[in-house]
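So the structure is just underneath, and the comments pick up after that.
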Amino acid sequence: MSAAQTDHLPWHQPVWDRLAACHRRGRVPHAIAVVGSAGLGKSRLAIRFAQALLCASPRSDGDGCGRCRCCHLQAAGSHPDHYAVHPESEPGGPIKIDQIRRLIEFLMRSSQYGGYRVTLVDPADRMTLAAANSLLKTLEEPPAAAVLILVARQFSQLPATLRSRCRLVQLQPPPAVLAREWLAEHCPEAIGLLALAGGAPLRAMAYAQAGTEGRYAALIADLLAIVEGHRSPVLAAQNWTGIGLRDWIELLQLALAELARAAFTECELDRIPGRADLQTLTERIDHSCLHDYMEEVVATRRILDQPLNEQLVIEDLFIRWRTATRGARLAKDRVSGYAAKVAVGRTSGDSIGLYQG
Ligand SMILES: [Zn+2]
């Protein structure tokens, strides 16, 4: 078994079988979108398929042979018929129109090895609108034997016209049993983080390796301390200097999603870090405030490509958190106060109407 094979993720198998079947029949779509939440191995699946398409003699299970010249060139990142585009500046940064123009030029050339020319845009949902539109023109009249693979977490962010021209390959989180089995073998300390990672094994693994557990618990503690008035937003923001805005906002979104889940479903609180504080927090706030606050966080996330003062942005979001939860707490106190009066009214046989206002 080659090294590449041992990297195969078991939850990819059904999707892989379909891709391999397309390849065998010579019916590879011009554009494929590998879509799914973070931590499911979308990029790995895309690269695996690119390898298979470029291999001179793919194996019966659809994988590249790992032995031919094409496979070696591909593994070394120097296959002349392969072209990949990623953000130039930083991992979460934008993919710009110039990068896509170079990709289109590549697609127009003829193949060096006489097979497919395979291009990859990862993550495609980081393309600017201009970049996505320039790609669309190519997809309307795709060159022969050219395959474009888009990898995207938020496929809906791409223009509908572009999406409609892609064959969708949707990855779902594996069944919990399979995810735990795989983690037990590869990263046992991440099993407890699977719920926090939305069931995505590689995400749980990344959390374990990055020490996210501790940071997540610390953020929940900050959110609670701000709600309870024990810590000012400015002071809380100082705890997060140097973390990187993108990572911090992802952590915040994770915490908010967990709070929302706790409010509306049976939450697996015992499985996640900072559970005691999270439990207290769910009791302290009125969850009606979460939706609007989450929108504000998303709006901030959208402007992360601009140069921002990290400290000020974190402060601002903590201040907004205090404002959002303060209003909601007042409302909650009024409601629970009223509910208490109603309850008293009922037990004493009085008219409920007497206690209104
Ligand atoms: Zn090969």
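For the reader, a short list of remarks on this structure follows.
- Residue match in segment 223-238 (condition: within 20 Å of the chain's Cα centre (by Cα) and among the polar types (S, T, N, Q)): no
- Number of positions in segment 133-151 that are more than 19 Å from residue 79 (Cα to Cα) and at pLDDT 95 or above: 1
- Taken as a whole, the condition of being polar (S, T, N, Q), under 29 Å from residue 24 (Cβ atoms) and not assigned by TED's automatic domain parsing to the domain that holds residue 298 does not apply to residue 128.
- Among the numbered conditions (1) modelled with pLDDT under 60; (2) within 31 Å of the chain's Cα centre (by Cα); (3) surrounded by 12 or more Cβ atoms within 10 Å (Cβ to Cβ), the only one that residue 270 does not meet is (3).
- The residue that is nearest to residue 146 (Cα to Cα), counting only those in segment 87-110 that are within 17 Å of the chain's Cα centre (by Cα) and exposed (fewer than 12 other Cβ atoms within 10 Å of the Cβ), is 91.
- The residue pairs whose first member lies in segment 76-97 and is farther than 12 Å from residue 50 by Cα, whose second member is at pLDDT below 90, and whose beta carbons are closer than 6 Å, counting only pairs six or more residues apart or on different chains, are 80/112; 87/93; 92/246; 94/305.
- Cβ pairs under 8 Å, 6+ apart, first in segment 214-233 and free of Cβ contacts under 8 Å to residues at least 12 places away in the same chain, second assigned to a helix (DSSP H, G or I): 225/236; 231/222; 231/225; 232/226
- Members of segment 30-63 that are open to solvent by less than 20 Å² (accessible area, probe 1.4 Å), touching a Cys at 6+ places or on another chain (Cβ under 7 Å) and either more than 20 Å from residue 113 (Cβ to Cβ) or in contact (Cβ under 8 Å) with a residue 24 or more places away in the chain (or both): 31, 32, 33, 54
- Of the helices (runs of 4 or more DSSP H) that lie entirely inside segment 174-253, those containing 1 or more residues that are at pLDDT below 90 and open to solvent by less than 50 Å² (accessible area, probe 1.4 Å) span 201-210, 212-227.
- Qualifying position, being under 28 Å from residue 255 (Cβ atoms) and in a strand (DSSP E or B), among 147, 151: 151
- Selection from segment 158-173 of residues that are open to solvent by 50 Å² or more (accessible area, probe 1.4 Å) and touching a helix residue (DSSP H, G or I) at 6+ places or on another chain (Cβ under 6 Å): 161, 165
- Which numbered condition residue 75 misses (of (1) open to solvent by less than 40 Å² (accessible area, probe 1.4 Å); (2) within 13 Å of the ligand (Cβ to nearest atom); (3) of a type in the set (A, V, I, L, M)): (1)
- Which listed residue is within 16 Å of the ligand (Cβ to nearest atom) and either under 24 Å from residue 202 (Cα atoms) or in contact (Cβ under 8 Å) with a residue 12 or more places away in the chain (or both), from 101, 69: 69
- Of all the numbered requirements in (1) within 16 Å of the ligand (Cβ to nearest atom); (2) at pLDDT 95 or above; (3) buried (at least 22 other Cβ atoms within 10 Å of the Cβ), residue 20 misses one, and that requirement is (3).
The values are calculated or read from the model by the stated rules, or taken from the named source; none is laboratory data. These numbers come from a predicted model, not from an experiment. Note that we place each Cβ from the backbone using ideal geometry, even for glycine, and neighbour counts take in every protein chain shown. Side chains are part of the model used for accessible areas, which takes the heavy atoms of the whole protein and leaves out ligands, DNA and RNA. Shrake-Rupley method; radii C 1.70, N 1.55, O 1.52, S 1.80 Å.
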